[in-house]
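A.B. asks: Before I ask anything, here is the structure I am working with.
The values are calculated or read from the model by the stated rules, or taken from the named source; none is laboratory data. Computed from a prediction, not measured in an experiment: that's the story for all the values here. Glycine also receives a Cβ, built like all others from the backbone with ideal geometry; neighbour counts cover every protein chain displayed. Accessible surface is based on the protein model in full, side chains and every heavy atom, while ligands, DNA and RNA are left aside. Shrake-Rupley method; radii C 1.70, N 1.55, O 1.52, S 1.80 Å.
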Amino acid sequence: MAKKYLIWNEEMETMPREELGKVQLKRFRETLERVYNKVPLYKKLFDEAGVKPSDLKSLEDVAKFPFTVKQDLRDNYPFGPFAEPLEDVTQIHATSGTTGKMTVSGYTDHDMKVWAEVMARVYAAGGTKKGDIIHNAYGYGLFTGGLGFHLGAHEVGATIVPVSAGLTKRQVTIMQDFGCTVLVCTPSYALVLAEAIEEAGLDAKKDLKLRIGFMGAEPWTDKMRMEIEKRLGLEAFDIFGLAEIIGPGVSVECPAHNGMHIAEDHFYPEIIDPATGEPLPYGTPGELVFSTLTKEAFPLVRYRTRDLCVLHVEKCACGRTMVRMGKITGRTDDMLIIRGVNVFPSQIEDVLLSFAELSPHYIIYVDRPKDMDLLTVEVEATEKLFDEGWDAVKGMEGKVKKALAEALYVSSKVNIKEPFGIQRSQGKAVRVVDRREL
Ligand code: ADP
Ligand code: ZN
């Protein structure tokens, strides 16, 4: 790999897997002891499953331990799952609550250092260093995005501009006037910024200095990445995380762009069959499960993320030995069942983005008129298509409908809207509106 990319922690990130396994086993044991002795939730779960921390003799024994799920955290809301007294918990965050009541995360000073370290690995993976000016458009507040990216910026010695979300026009001015070189925000907001830049009559490649982007917090496809790269004139990297595990920084895409390396010395990943809970081998898609290995305040054992993806362990061109996770293809709870067929929003996005006549803004509605599921996809026309007139738009609707039917095996209704006809998001985009229960 070219020198412009960096590996922040060579020792850990390129550690031979056998050695890494030893580190993980030791840390996993410590975590089991910690939760069993300090968190009543785990004492109960382990006792019910008839396991003790000492039963972990090798990493193969991990599967003997019970899962934890979001409901366990909700049942013990807000601080029940913490393993340290509140006075040692120096920072508190919460999930964005995309799928229900928020869950709360706590950090000790040590946990904050771990978070800064894994976020430094993220920044370095794309080549961010001292001298870079980071435009942070993730929301600051309870959401982990803003502060996670903030912490890592200090760790790598770059300059952080804590813009937070919103006031898009002003964001463009800041980017231009401050000469920001790194943009961090959700992929959907990156597109909103691209539009605002174009609307201001600017050419990102000539008028801005952006060269790197870290986008995450919501699912996006590789096609979306290329669109963002083209319009913003930067190299974009996918970054993954969840508040329960630490926030952003659980994994990041490397310059080889073939998956996101998990910081496995801190977060132990597994893939399971979401229906049976059985562990699945590398290379098989399933539900992602994480155990934290070093966290003090809020350790988690076998936490079911409900995110679907695949793990790869083969050697990566970048030199990192840590497992790579493929793109999140959906959440177990955002998989839509349309007339009995499983449909993921990412499949729809893939189809929509293959049409140059459409812009990458869409929303999916599901209704059930007269006991039949109805899938409606609303997407925007480009200015060019819209200017061609009604017939061209209608003709395109037919083409998209056909392409969707071929990809999804279910029929759908397609509405192509005028440019800017779909509402923009400033943080995580809401792309699916399931109105069946309403
Ligand atoms: P919430 O569950 O309320 O959205 P978080 O803000 O912690 O809480 O969001 C974590 C979730 O966001 C992940 O479990 C995953 O579903 C999604 N996510 C985060 N990063 C990515 C990414 N890079 N690609 C796809 N999905 C992501
Ligand atoms: Zn790599």
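A.B. asks: Residues of the chain: accessible area per residue at 1.4 Å, in Å²?
C.D. replies: On a per-residue basis, the chain sits at 43 Å².
A.B. asks: Let me ask something else. Can you compute 3J(HN,Hα) from phi for each residue in segment 325-333, using the Karplus curve 6.51 cos²θ - 1.76 cosθ + 1.60 with θ = phi - 60°, rounded to whole Hz and x for Gly and Pro?
C.D. replies: Each residue of segment 325-333 in turn: 9, x, 3, 5, 8, x, 9, 4, 9 Hz.
A.B. asks: Continuing with this model, one more query. Using protein chains only and a probe of 1.4 angstrom, how many square angstrom of Met396 are accessible, to the nearest 10?
C.D. replies: 10 Å²
A.B. asks: Mean separation of Cα pairs under 8 Å and 6+ residues apart, divided by the residue count of the chain: what relative contact order is that in percent?
C.D. replies: Relative contact order of the chain: 14 percent.
A.B. asks: Quick check: the angle from helix 109-125's long axis to the longest principal axis of the chain, C-alpha only, nearest 10 degrees?
C.D. replies: 40 degrees
A.B. asks: Moving on. Which trypsin sites (Lys or Arg not before Pro) does segment 1-54 hold that lie in a coil by DSSP with at most 15 other beta carbons within 10 Å?
C.D. replies: Qualifying residues, ordered by number: Lys3, Lys4.
A.B. asks: Using the Cα centre as the reference, give the magnitude of the dipole from point charges on the C-beta atoms of segment 10-332 (Lys, Arg: +1; Asp, Glu: -1; all else neutral), rounded to the nearest 20 debye.
C.D. replies: Using Cβ point charges on Lys, Arg, Asp and Glu, segment 10-332 gives about 220 debye.
A.B. asks: What trypsin sites (Lys or Arg not before Pro) in segment 122-190 are in a loop by DSSP, with at most 10 other Cβ atoms within 10 Å of the Cβ?
C.D. replies: Here the sparse-neighbourhood loop sites are Lys130.
A.B. asks: Kindly express, to the nearest 10 degrees and within the range 0 to 90, the angle between helix 144-156's C-alpha long axis and the longest C-alpha principal axis of the chain.
C.D. replies: Rounded to the nearest ten degrees, it is 70.
A.B. asks: Which distance in Å, rounded to a whole number, links the C-alpha centroids of segment 351-399 and segment 244-292?
C.D. replies: What the calculation gives is 34 Å, centre to centre.
A.B. asks: Taking the Cα centre as origin and putting +1 on Lys and Arg beta-carbons and -1 on Asp and Glu beta-carbons, what dipole magnitude results for segment 349-400, to the nearest 20 debye?
C.D. replies: Using only the charged Cβ atoms, the result is roughly 140 debye.
A.B. asks: Under a 1.4 angstrom probe, counting protein chains only, how are Lys101, Lys206 ranked by accessible area, largest first?
C.D. replies: Lys206, Lys101
A.B. asks: Tilt of helix 17-38 relative to the longest C-alpha principal axis of the chain, in degrees (0 to 90, nearest 10)?
C.D. replies: Around 70 degrees separate the two axes.
A.B. asks: For the pair Asp55 and Arg29, how long in nm is the line joining their label points, each one 7 Å along Cα→Cβ?
C.D. replies: Going by the 7 Å Cα→Cβ label model, 1.7 nm.
A.B. asks: Further, regarding this structure: Pulled fully out, how much extra length does the chain show between Lys223 and Thr173, if you take 0.36 nm times their separation in residues and subtract their Cα-Cα distance?
C.D. replies: The Lys223-Thr173 span can extend by a further 15.3 nm.
A.B. asks: OK, next. Skipping prolines and chain starts, which residues have an amide H placed within reach, meaning under 5 Å, of the one on Asp132, given they are 5 or more residues away or on another chain?
C.D. replies: Answer set, sorted by chain and number: Thr159.
A.B. asks: Beyond 27 Å between alpha-carbons counts as too far, so tell me which of Lys22/Lys223; Lys370/Lys401; Lys70/Lys327 fall in that bin.
C.D. replies: Long pairs (Cα-Cα over 27 Å): Lys22/Lys223.
A.B. asks: I've got another one for you. Mind ranking Phe298, Phe420, Phe67 by accessible surface for me, highest first, 1.4 Å probe?
C.D. replies: Phe420, Phe67, Phe298
A.B. asks: Treat every Asp and Glu Cβ in segment 91-152 as -1 and every Lys and Arg Cβ as +1, leave all other atoms uncharged, and give the resulting dipole magnitude about the Cα centre to the nearest 20 debye.
C.D. replies: So the magnitude is around 100 debye.
A.B. asks: Give the carbon-plus-sulfur fraction of the accessible surface of segment 338-434 in %, rounded to a whole number; probe 1.4 Å, heavy atoms of protein chains only.
C.D. replies: With neighbouring chains kept in place, the figure for segment 338-434 is 53 percent.
A.B. asks: Would you compute, from DSSP H runs of 4+ residues alone, the mean residue ellipticity of the chain at 222 nm, taking -39500 (n - 2.57) per run and dividing by the full residue count, rounded to the nearest 500?
C.D. replies: -10000 deg cm²/dmol
A.B. asks: Additional query: Could you work out the relative contact order of segment 338-434, using alpha carbon pairs under 8 angstrom and six or more residues apart, expressed as a whole percent?
C.D. replies: RCO, segment 338-434: 35 percent.
A.B. asks: Placing +1 on the Cβ of each Lys and Arg and -1 on the Cβ of each Asp and Glu in segment 338-434, which of Gly398, Phe344, Ser354 has its Cα farthest towards the positive end of the resulting dipole?
C.D. replies: Checking the options against the dipole of segment 338-434, the answer is Phe344.
A.B. asks: Still on this structure: In whole Å, what is the distance between the alpha-carbon centres of segment 1-80 and segment 190-215?
C.D. replies: With segment 1-80 and segment 190-215 each reduced to a Cα centre, they are spaced 40 Å.
A.B. asks: I'd like to know which of Asn76, Gly216, Thr173 lies farthest towards the positive end of the charge dipole of segment 10-332, counting +1 on Cβ of Lys and Arg and -1 on Cβ of Asp and Glu.
C.D. replies: Most positive-ward Cα: Thr173.
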